[in-house]
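The values are calculated or read from the model by the stated rules, or taken from the named source; none is laboratory data. Not measured: the values here are computed from a predicted model. All Cβ positions, even for glycine, are placed from backbone atoms using ideal geometry, and neighbour counts span all protein chains on display.
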Amino acid sequence: MKKQITILVIFTLLAKMEVYCQEHLHIISQQTTVQYLQNKPGGSATIIKNIKVMLEFWTDNKSTVANQTVSFAVEKAGAPKSDPVISMVDPVITKDKFKTSKDTIEYTVPIILKAVAPPFLTEAFSIGLSGKSASVGGGASVVIQEDEVEEISKTPPGLTYLNAVNFDFQGSNGASYVGHLNVYKPDLIKIGKNSWIGLNLGVMKVDFSRQDSLNTTFNYNENVKIKPLDSIVVGKQYLRQYNKFTTVSKNVTWSFYFQPMISLMYRKNCKIFLHFHTEFYIDKWNTTTTINNYQQDTAVIAADNINSLRNTMSNINTFQKSIADGVSSTSSSIQVNFNLGVGFTVDVNLWDGGSLFVQPTIGKAFNYERPQAVNRKSLSYRSDTTSFLGHLTRFALKQQITPNMQAVMGVDIRGKFKTTPTYASYIGVNLGLSGIKKLIN
């Protein structure tokens, strides 16, 4: 009988352990630095510091998952004078949010710190999960120090994917897709008290537009033989045409870039870096020319204009099929370039959830190609095989919608100095790593 009871107890404990282990919670390791509250006459006795904590969660068995209460706990090293205490109601992750793949959620954990009198010694504590040590369940470490420093959290790498639509201010190129896979890690390696080496790299597909002599419309007169083999003699009939010539060039590009960065200013709401730019750049030009006729009539070659007509008469009538329909032709060229440069990266928080990313770069482009007008009916593509000084500037205005989603409006301007630049304007949605996971699932 005792043996049977023992076996029953063992099976019961194993069953409980299985159910307990079906849901997993794990705090992603990160570090935040905050400043002491100094104990001054008439000053506050306590202060609340809001610490960002990223929690990872998943389940082994979705069919038996249950709601999970997230109980944060302060794990102190020794007896810190600031005596950190959590002040919040335990949040709950409902069972419908659990999946067998890992997901993340960000919590703001308010910590009450007591005012401290000198001497100010650096203190540290961790935010863990109740019942789980920071070494096992992960933890968010917090350092308290006297220095007047910004309260900056060392963040995990920002892996985002931009889905956007290209639009042209002149409306000549229509709309097209913009895709941008980006890894942005501004605090990769700490090199000083408040200085960092960061990294920005990615792949971007975007269509650039032009608005210059190649993207314009002009009208012209043309004299055309009625039949290609007609002789130019007095009394022979020919066609006089008044035509419209339109050219639109679109630049489709794929940029594979890598940018190590060194911080010049690193504050909570403003970060400025010196960056070094390396880029493998695939450049495709698509150029469409269209000729339309406004008016056509028949004339006769006279003695007073025969000499000028010999120099200007066209053998082929552009509108052989129909005078009412325009005639279009498209040509294209693909060029592979390699670019090196240097510039500044400015990342500023403008308001709650709103930020501005600006990145001007100048450097050497080792191959470049763009359409060049030969005459009013044809184009060619010219490559600059020698290196030259070029520029690239990126603007992006971002607004946080959810923890894993941003609305983005941006402009890229690229070109060679002393020539008309190309530009790309777009608007879309940036998905974070967790958002990408949800989209795939």
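The figures follow:
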{"item": "One residue from ASN307, ASN311, ASN339 being more than 30 Å from GLN35 (Cα to Cα) and touching a Lys or Arg at 6+ places or on another chain (Cβ under 9 Å)", "result": "ASN339"}
{"item": "Residue within segment 215-226 that is exposed (fewer than 15 other Cβ atoms within 10 Å of the Cβ), modelled with pLDDT of 85 or more and out of contact with any Phe, Trp or Tyr (no Cβ under 7 Å at 6 or more places or on another chain) present", "result": "no"}
{"item": "THR247 being modelled with pLDDT under 90 and over 31 Å from the mean Cα position of the chain (by Cα)", "result": "no"}
{"item": "Pairs with Cβ under 6 Å, 6+ apart, first in segment 73-84 and touching a residue at least 12 places away in the same chain (Cβ under 8 Å), second surrounded by 18 or more Cβ atoms within 10 Å (Cβ to Cβ) and small (Gly, Ala, Ser)", "result": "ALA73/GLY128; GLU75/SER126; GLU75/GLY128; GLU75/ALA134"}
{"item": "Residue match in segment 250-260 (condition: surrounded by fewer than 15 Cβ atoms within 10 Å (Cβ to Cβ) and of a type outside the set (A, V, I, L, M, F, W, C))", "result": "no"}
{"item": "Any hit, segment 73-92, residues being assigned by TED's automatic domain parsing to the domain that holds VAL34, of a type in the set (Ser, Thr, Tyr), at pLDDT 85 or above and part of a loop (DSSP other than H, G, I, E, B)", "result": "yes"}
{"item": "Residue in segment 50-70 that is in contact with a Cys (Cβ under 7 Å, 6 or more places away or on another chain) and farther than 28 Å from THR122 by Cβ present", "result": "yes"}
{"item": "Count of residues meeting criterion [within 30 Å of MET405 (Cα to Cα), of a type in the set (Phe, Trp, Tyr) and out of contact with any Pro (no Cβ under 8 Å at 6 or more places or on another chain)] in segment 324-356", "result": "1"}
{"item": "Residue identified as more than 21 Å from the chain's Cα centre (by Cα), farther than 30 Å from VAL234 by Cβ and at pLDDT 90 or above among LEU264, LEU274", "result": "LEU264"}
{"item": "Yes/no for THR361 being within 25 Å of MET261 (Cβ to Cβ), modelled with pLDDT of 80 or more and hydroxyl-bearing (Ser, Thr, Tyr)", "result": "yes"}
{"item": "Sole exception among (1) in contact (Cβ under 8 Å) with a residue 40 or more places away in the chain; (2) assigned to a helix (DSSP H, G or I); (3) among the small types (Gly, Ala, Ser) for SER308, by number", "result": "(1)"}
